[in-house]
């Protein structure tokens with residue numbers, strides 16, 4: 001496993017946009033599974049990396065129904081303290097927890 005992939009492993013959080021006193025994010029596990037941090041309606045299931053892309057499979061729960069989606073993010077920045085992911089015009093910045 002390459003060094004950049006190893007850097008992905010861990011918990012990544014950002015301030016909750018609705019309540020900045022709370023944090024939310026994701027946990028990337030070494031076994032290919034992923035978990036949500038403080039997000040009841042978006043449940044991360046698994047992940048993988050291909051070149052500079054991070055793929056995240058999640059289940060979105062809305063009003064009693066759910067859907068599974070795979071999101072593809074460009075890894076713009078990755079180091080031991082922060083990760084920056086881009087999906088089209090949307091950029092999310094996480095810090096390691």
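The values are calculated or read from the model by the stated rules, or taken from the named source; none is laboratory data. Computed from a predicted model, the values in this text were never measured in an experiment. Methodologically, a virtual Cβ is constructed for each residue, glycine included, from the backbone with ideal geometry; neighbour enumeration extends over all protein chains shown.
Among the listed residues 12, 48, which satisfies the condition of being touching a residue at least 12 places away in the same chain (Cβ under 8 Å), over 15 Å from residue 93 (Cα atoms), within 13 Å of the chain's Cα centre (by Cα) and assigned to a strand (DSSP E or B)? Lay out the reasoning, then the answer.
Working: 12 fails: over 15 Å from residue 93 (Cα atoms).
The conditions single out 48.
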> Does residue 68 satisfy being modelled with pLDDT of 95 or more and exposed (fewer than 11 other Cβ atoms within 10 Å of the Cβ)?
Replying inline: yes
> Does segment 27-35 contain at least one residue that is in a strand (DSSP E or B) and surrounded by fewer than 14 Cβ atoms within 10 Å (Cβ to Cβ)?
Replying inline: yes
> Being part of a strand (DSSP E or B), touching a helix residue (DSSP H, G or I) at 6+ places or on another chain (Cβ under 6 Å) and under 25 Å from residue 89 (Cβ atoms), is that true of even one residue in segment 66-73?
Replying inline: no
> Within segment 77-97, restricting attention to residues that are within 15 Å of residue 13 (Cβ to Cβ) and without any contact (Cβ under 8 Å) to a residue 24 or more places away in the chain, which residue is surrounded by the fewest Cβ atoms within 10 Å (Cβ to Cβ)?
Replying inline: 81
